[in-house]
Amino acid sequence: MSELWYTEKQTKNFGITLKIKQTLHTEQTDFQYLEMVETEEFGNMLFLDGMVMTSQKDEFVYHEMVAHVPLFTHPNPENVLVVGGGDGGVIREVLKHPQVKKATLVDIDGKVIEYSKKFLPEIAGKLDDPRVEVKVGDGFMHIAESENEYDVIMVDSTEPMGPAVNLFTKGFYAGISKALKEDGIFVAQTDNPWFTPELITNVQRDVKEIFPITRLYTANIPTYPSGLWTFTIGSKRYDPIEVSEDRFHEIETKYYTKELHKASFVLPKFVSDLI
Ligand code: AG3
């Protein structure tokens, strides 16, 4: 019996290889090459331009850590924006917070939303919730047109190539600051310290120039390059490391806990040396 394997070349010389059960859908969208694949080890997976975006088995780590760290840091997050994130995983986690009155998702690629609903229903299933507004459009433009509007903004982007290049620029972070209310907070996924250390250094430098509080935290995500993933927070008032105990309330999670919230900001030396 022949075997099918999928490799994401995470660098020129290193990759992750997954045994495939079947290919569910492939399509060149207007923005990127989309693949939905059923794997032996990680369940159904979404790839964009040959890069792992999410898997049924480990998606909870990324989505919980993007959503809950800023949402438990902000005392009253009522209006939330997710830029990218068309698979709906971050939105699902955002909705676990009862204070959230409205969550807007702006993803440039409607096909990601469509095929996530079809093949990743437990991730995308909450996109039809009444508190959610889904917009297919350019997140950069949406940010540029927003002012003093959001409590929390989450940037769930692809890597800084293709449709996401603009989302790693200082101009974008300045736009986010303008789109946030006076005590707003934002988070962005900022890749890994093993293969893209300069990206972390550059983003942290740019965010620091705009936000009084800038932090970096990590999570373990086995299907992403190196498994050690980073997230950058820019905050106008609240420090995610100083969250008071009474701020936390019970929600159902598999990775995030209030202890882990604090622990995730404790960085290995070679990572803290980057910032
Ligand atoms: N967004 C970040 C994925 C980056 C992974 N990089 C890679 N595989 N080279 C994921 C979207 C999940 N909602």
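Rule-based calculations on the coordinates, nothing more; no lab input. All of these numbers come straight from a predicted model, not from anything done at the bench. Here the Cβ is made from the backbone with ideal geometry for all residues, glycine too, and neighbour counts use every protein chain on show.
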Can you tell me the relative contact order of the range 190-267? Whole percent, Cα pairs under 8 Å, sequence separation 6 or more.
30
Global form of the range 173-265, assessed from the alpha-carbon gyration tensor, a/c cut-off 1.5:
oblate
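If you stretched the chain out fully between residue 244 and residue 133, how much longer would it get, using 0.36 nm times the residue separation minus the C-alpha to C-alpha distance?
Values: separation 111, 0.36 × 111 = 39.96 nm, distance 3.09 nm.
The residue 244-residue 133 span can extend by a further 36.9 nm.
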Taking a ≥ b ≥ c as the square roots of the eigenvalues of the Cα gyration tensor of the range 84-162, is the shape rounded (a/c under 1.5), prolate (a/b larger than b/c) or oblate?
oblate
Please give the helix 197-210 orientation as an angle from the longest Cα principal axis of the chain, in degrees from 0 to 90, rounded to the nearest 10.
30
Once every DSSP H run of n ≥ 4 in the chain is given -39500 (n - 2.57) and the sum is divided by its residues, what mean residue ellipticity at 222 nm do you get, rounded to the nearest 500 deg cm²/dmol?
-7500 deg cm²/dmol
In nanometres, the difference between 0.36 nm per residue of separation and the alpha-carbon distance of residue 38 and residue 254 is 75.5 nm
Quick one: helix 59-73 against the long Cα principal axis of the chain, what's the angle to the nearest 10°, folded into 0 to 90?
10
For the chain, the dipole about the Cα centre with charges only on Cβ (Lys and Arg +1, Asp and Glu -1), to the nearest 20 debye, works out at 380
Magnitude of the Cβ-charge dipole (Lys and Arg +1, Asp and Glu -1) of the range 1-89 about the Cα centre, nearest 20 debye, reported as 240
Farthest toward the dipole's positive end in the range 139-236, which of 150, 139, 216, given Cβ charges of +1 (Lys, Arg) and -1 (Asp, Glu) about the Cα centre?
216
What does the charge count near residue 128 come to, summing +1 for each Lys or Arg and -1 for each Asp or Glu among other residues with Cβ under 12 Å from its Cβ?
+2
Explain nothing, just the number: relative contact order of the range 124-275, from Cα pairs under 8 Å at least 6 residues apart, as a whole percent.
20
So what's the angle, to the nearest 10 degrees on a 0 to 90 scale, between helix 110-119 and the longest Cα principal axis of the chain?
70
Do you know the relative contact order of the chain, to the nearest whole percent, from alpha carbon pairs under 8 angstrom that are 6+ apart?
16
For the chain, build the charge dipole from Cβ charges (+1 Lys, Arg; -1 Asp, Glu) around the Cα centre, then report which of 121, 88, 33 sits farthest towards its positive end.
88
Which peptide among 64-72, 100-108, 17-25 comes first, and what is the full order, when sorted by highest mean count of other Cβ atoms within 10 Å?
64-72, 100-108, 17-25
For residue 263 and residue 147, what is the calculated FRET efficiency with R₀ set at 30 Å and r taken between the beta-carbons, to the nearest 0.05?
0.25
Quickly rank 141-151, 258-268 as a protection proxy: mean count of other C-beta atoms within 10 Å, highest first.
141-151, 258-268
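Could you tell me whether the range 142-183 comes out rounded, prolate or oblate from its Cα gyration tensor? Rule is a ≥ b ≥ c as square roots of the eigenvalues, rounded for a/c under 1.5, then prolate if a/b exceeds b/c, otherwise oblate.
Working: a/c = 2.53, a/b = 2.03, b/c = 1.25.
Prolate, because a/c is 1.5 or more and a/b exceeds b/c.
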Based on Cβ point charges of +1 for Lys and Arg and -1 for Asp and Glu, what charge dipole magnitude is obtained for the range 233-274 about its Cα centre, in debye rounded to the nearest 20?
180
